[in-house]
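Visitor: My questions will all concern the structure given below.
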Amino acid sequence: FMCIIGILAFVAAFKSNKILLSVFFCLILFVFVGEVLASLLGLVYRTKVKDVLEDDLMNALTKYNVTVYEEQIDYLQKEFSCCGVNNASDWEKSPYWMQNHTVPISCCNTTSNLICNATVDSHSIYNEGCLDKLMDEFGKNLIYLTGTVIFLAIVQLLALLSTCIL
């Protein structure tokens with residue numbers, strides 16, 4: 001869609017066609033308004049992200065013995081050095097705990113492949129939950145996303161302004 005708008009802008013400017021320039025102006029304005037609305041919706045609903053993420057992570061914990069979920073949870077816990085959703089005690093509610101009475105090895109904060117004392121109150125597992133770590137990462141990325149959106153908004157406003165001049 002943006003490629004078509006770019007080609008339209010090039011043709012309109014090259015031929016100095018007022019109708020094409022007007023169409024370009026309307027399309028850029030439409031995209032700009034859409035981006036502003038999407039940004040505002042993201043700002044309004046950003047607090048719901050944590051609730052949805054917590055529900056999804058808890059669901060994944062209960063399905064840990066399914067290969068796909070197991071791989072994802074293990075990756076998450078190793079990558080972010082965390083255990084459970086809010087903390088390691090979340091594992092006590094999972095079928096994995098009922099079967100093994102331990103947390104997964106991905107909760108262990110040891111560098112070797114030896115089995116650590118992987119109980120909830122152990123000092124050899126990560127204490128912090130993955131939800132807070134993911135939300136911190138989300139917050140960091142939100143800063144970059146906001147900067148990018150502001151930059152693109154400025155470029156689009158300049159495009160609108162230059163269309164009016166032509």
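Where a number appears in this text, it was derived from the coordinates with a stated rule and is not lab data. Worth saying up front: this structure is predicted, and the values here are computed from it rather than measured. Cβ placement follows ideal geometry from the backbone for every residue including glycine, while neighbour counts extend to all protein chains displayed.
Visitor: Through the Karplus equation 6.51 cos²θ - 1.76 cosθ + 1.60, θ set to phi - 60°, convert the phi angles of segment 36-46 into ³J(HN,Hα) values in whole Hz; use x for Gly and Pro.
Guide: Along segment 36-46, the couplings run 5, 5, 5, 5, 5, 5, x, 5, 5, 9, 5 Hz.
Visitor: Residues with amide H under 5 Å of Ile125's amide H, sequence separation 5 or more or different chain, H placed in the peptide plane at 1.01 Å from N; which?
Guide: Answer set, sorted by chain and number: Asn109.
Visitor: Could you work out the relative contact order of the chain? I mean the mean sequence separation of Cα pairs under 8 Å and 6+ apart, divided by the number of residues, in percent. All intermediate terms of the calculation are to be shown ahead of the outcome.
Guide: Details: 159 pairs, mean separation 36.7, N = 166.
RCO, the chain: 22 percent.
Visitor: How big is segment 37-76 on each of its three principal axes, counting only the C-alpha atoms and giving the largest first in Å?
Guide: 40, 14, 12
Visitor: By counting other Cβ atoms within 10 Å of each Cβ, how are Thr148, Thr102 ranked from fewest to most? Walk me through the intermediate numbers first.
Guide: Values: Thr148 10, Thr102 19.
Ordered from fewest to most neighbouring Cβ atoms within 10 Å, Thr148, Thr102 come out as Thr148, Thr102.
Visitor: Grab the alpha carbons of segment 2-165, take their convex hull, and tell me the volume per residue in Å³.
Guide: Residue-normalised Cα hull volume stands at 143 Å³.
Visitor: Let me ask something else about it. What order do you get for Lys133, Lys140 when you list them from fewest to most C-beta neighbours inside 10 Å?
Guide: Lys140, Lys133
Visitor: Ranked by Cβ crowding within 10 angstrom, fewest neighbours first, how are Lys93, Lys15 ordered? Display every interim value, and only then the final one.
Guide: Numbers: Lys93 14, Lys15 10.
Arranged by neighbour count, lowest to highest, Lys93, Lys15 become Lys15, Lys93.
Visitor: How much mean residue ellipticity at 222 nm does the chain get from its helices, if each DSSP H run of length 4 or more adds -39500 (n - 2.57) and you divide by all residues, to the nearest 500 deg cm²/dmol?
Guide: It comes out at -24500 deg cm²/dmol, rounded to the nearest 500.
Visitor: Classify segment 1-84 as rounded, prolate or oblate, taking a ≥ b ≥ c as the square roots of the eigenvalues of its Cα gyration tensor: rounded when a/c is under 1.5, otherwise prolate if a/b is larger than b/c and oblate if not.
Guide: Prolate is the answer for segment 1-84, as a/c is 1.5 or above and a/b outweighs b/c.
Visitor: Here's another thing I want to ask about it. Most mobile of Cys26, Cys82, Cys130 per a Gaussian network model of the chain (Cα springs, under 10 Å)?
Guide: Cys26
Visitor: Provide, for the chain, the number of lysine pairs with alpha carbons under 16 Å apart, each pair being eight or more places apart or on different chains.
Guide: Taking the chain as the scope, the lysine pair count is 4.
Visitor: Now, a different point. Just to check I understand the Karplus step: with θ = phi - 60° and J = 6.51 cos²θ - 1.76 cosθ + 1.60, what whole-Hz values come out for segment 72-82, glycine and proline as x?
Guide: 5, 5, 4, 4, 4, 5, 6, 5, 9, 6, 9
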